[in-house]
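Contents: one structure, followed by commentary.
All of the numbers you see were taken from the coordinates with simple rules; none came from a lab. Quantities reported herein were computed from a predicted structural model and do not represent experimental measurements. For neighbour counting, all protein chains shown are included, and Cβ atoms are generated from backbone atoms with ideal geometry for every residue, glycine included.
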Amino acid sequence: MNEELDSQLSAMFDDELPAAECELLARRLSRDEELKARWSRYAAIGATIRAEGGVRLNANLAVRVNNAISAEPAVAVSQAVVEPVREPTRRATTPRWLMPLGGVALAASVAAAAILVLRYESPMSQVAEQSPPPVTATASTTLVAKNATPAALDSYTVPKTLARRSIVPSTQLANYVVAHSEFSSPVNRRNLLSAFMASESGTAGAPSGSDEPNEDVTDDAKSPH
Amino acid sequence: MSADVSDLSLVRRVQGGDKGAFDALVRKYQHKLVKLVMRYVRNPAEAEDIAQEAFIKAYRALPQFRGDSAFYTWLYRIAINTAKNAVVSRDRSPIEYNIDRSSDAAEESYDMQGRMKDSETPEGLVLTDEIRRTVNAAIEALPEDLKTAIVLRELDGLSYEDIAAAMDCPVGTVRSRIFRAREAIDRRLREVFEGGLGRTEDLG
């Protein structure tokens, strides 16, 4: 027998033969009984070296299996099943040229989601939702800081109800009214300022020298301010 | 070198309708599979029956084998499941006793499930022993570099690349050494069979 062929057979037995050579040798191995017998002896040599005790090296298991499957129809596999065997690591069936489109679609989805989130988080949305008042507390703190003594600051606590009711900071509203007055007629400006003052007098958080926050304040309606 | 490439080339041939390629796979893995099944059943004959059943199941399921795992890994799972099912089925079967035998003889020849132990024939035992003795003697007679290469491959399961690193030689040299070692052992093995103790086909 050809020594090069036997050398290839030995390497194939060890899974060390290049794929192209394997294809050719597999075809020959499946038909050449002498080559198969040598292949079997290679297996017996390996079993002996591994000292696989209890295993009968002369068992005609292959003959029995061969007889059993000879009565069965030959297995036939469609190309769709055979194909992944050639590339075991590739599992995705999406064509490569579709991959960039998938990325674009994903980016568009993220952008759309971001727009929706930003719209819900806009100031108008906060007004509509009566959102909790961390901003209000900050504005109030700023106002208080301008007027209060350091001792008073130490005991400062944001009135709960005030924080809950003030939606637009008083400072911002006042600034808006002042800015707006530059472009409005005197009558309207007076009306607007009056309305603003009236609204301010009706709330407990009116910025004045006497609005030092009080820990006892629990309800605006009961506030003396 | 990609792992399992030779098995995959044979598997593809089987999937294309070539039963002879499956025969090559059976010849390659029969001893390993019987050894595996013997973890569940101690009787070698029963282990061979289960291994045979596992091979037939594998053949029938081969159209679904996609090559995501190595062929032997896939075959291993089939064999384990077949062995477990066989043990469960055997445990559920009623115990049979042969009333024609004395109790002592029955203990020797029957296991708990009442199945007769398929003791190996004297010829079979002699042949298996002769094969082992011949192979071991042939290995001992090998030059040291050939012996080391074949043992590292078969016993330790190292790749050619790892063996090359261990023996500080090129991969091509490793391939040549392993081939020459196998040829030397195989030559002695063929003498055993041609001498009349058995036939080469018995190995298959």
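Please find the FRET efficiency linking A:Arg31 to A:Ala108, where r is the Cβ-Cβ separation and R0 is fixed at 60 Å, and quote it to the nearest 0.05.
So the FRET efficiency works out to roughly 0.60.
At 7 Å along Cα-to-Cβ for each site, give me the label-to-label distance between B:Ala137 and A:Glu3 in nm.
2.6
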